[in-house]
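First comes the structure, then the notes that go with it.
No value in this document is a laboratory result; all are computed from the given coordinates. Quick caveat: nothing in here was measured; it's all calculated off a predicted structure. When we count neighbours, we look across all protein chains shown, and the Cβ atoms used for this are built from the backbone with ideal geometry, even at glycine.
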Amino acid sequence: MKNVTVLLFGCLLLLLNEVRAQSCSSPDVNIWDNTWQSCQVTPNPNPLRGNSHWIRYDFGQSYQVYRTRFWNHNKVSELTKGAKDIIIDYSTNGTTWSSLGTYRLPKADGNAIYTGLIGPDFAGVNIRYVLITIVSNWGHATCNGLAEVKFMLAPQMGTDLECDNENLAVNNNPILTDTYSAQNTITSIGHVDMANHAIFKAGDCIELNAGFEVTLGNTLCAEIEECLLKINP
């Protein structure tokens, strides 16, 4: 679904006197045109939620469910349709519901490269049905939408790296020993020196611009690795 421009991969153990500015490529944003949306309230499968905008997932049988991952409505001209406050309920029979909680989804940014965010963890409870009720959106008068939701079931739970931010500029002098992660892009004109060893992890690209330096004897390890922001409870 996305093109990735790898500007640096591996570990550097050298002195960089000059690094040319780089840029990242993006796929066509039209990939987000056809996603789920609700423009009229209907009776909710959970009577406590009344008439509302909702979507119900049926796994066909009960599974142990763990982590989730959300992609909000990301069509560039319709970002206000994206879900804001949601309630998540679950059930084994579709009649009796338990509440996992109320959560806030960040507004999508409309970029073609949009990797979503880490949702709540069901912690292995046995579930057949998951019900998401949209309480509010990001400003649209009638329609509410989500692009995609992923559920991680036992035994394929998977592991998601959490991000420091969507985009990250690391311009410190010195850049201290640490792992710096971003959902999209890391840019830097900082210096790795004074016996520091930095790790950059970004989902789309890493840009080392003019002025960036790694002093001889220090290291920068840069990797393209997908990571996710966390959903707000």
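Across the options Gly190, Gly211, Asn30, the greatest Cα extent toward the positive end of the charge dipole of the chain (unit charges at beta carbon of Lys, Arg, Asp, Glu) belongs to Asn30. How large is the dipole of the stretch 97-184 about the Cα centre if only Lys and Arg carry +1 and Asp and Glu carry -1, each at its Cβ, rounded to the nearest 20 debye? Taking the Cα centre of the stretch 97-184 as origin, the dipole is about 400 debye.
Run the dipole for the chain about the Cα centre, Lys and Arg Cβ at +1, Asp and Glu Cβ at -1, nothing else charged, and hand back the magnitude in debye, nearest 20. Around 920 debye, computed over the chain. The gain in end-to-end length when the Thr177 to Val41 segment is fully stretched comes to 43.8 nm, 0.36 nm per residue minus the alpha carbon separation. Only lysine pairs 8 or more places apart, or on different chains, with alpha-carbon atoms under 19 angstrom apart are counted in the chain, and they number 14.
Size estimate for the chain follows the Kirkwood approach: the inverse of mean 1/r over distinct Cα pairs works out to 19.6 Å. Karplus-based coupling profile of the stretch 66-78, in residue order and whole Hz: 10, 6, 10, 9, 10, 10, 6, 4, 10, 5, 4, 8, 9, with θ = phi - 60° in 6.51 cos²θ - 1.76 cosθ + 1.60 and x standing for Gly or Pro. Could you work out the local net charge near Ile132, counting Lys and Arg as +1, Asp and Glu as -1, over the other residues with Cβ closer than 9 Å to its Cβ? Summing Lys/Arg as +1 and Asp/Glu as -1 gives 0. Annotation: peptides 35-41, 103-109, 64-70, ranked by per-residue average of other Cβ atoms within 10 Å with the highest first, follow the order 64-70, 103-109, 35-41. Evaluated over the Cα positions of the stretch 29-153, the convex hull gives a direction-averaged projected area, one quarter of its surface, of 7.2 nm².
Dipole orientation for the chain: of the candidates Gly145, Gly101, Pro45, Pro45 has the Cα lying most toward the positive pole (charges on Cβ; Lys, Arg +1; Asp, Glu -1).
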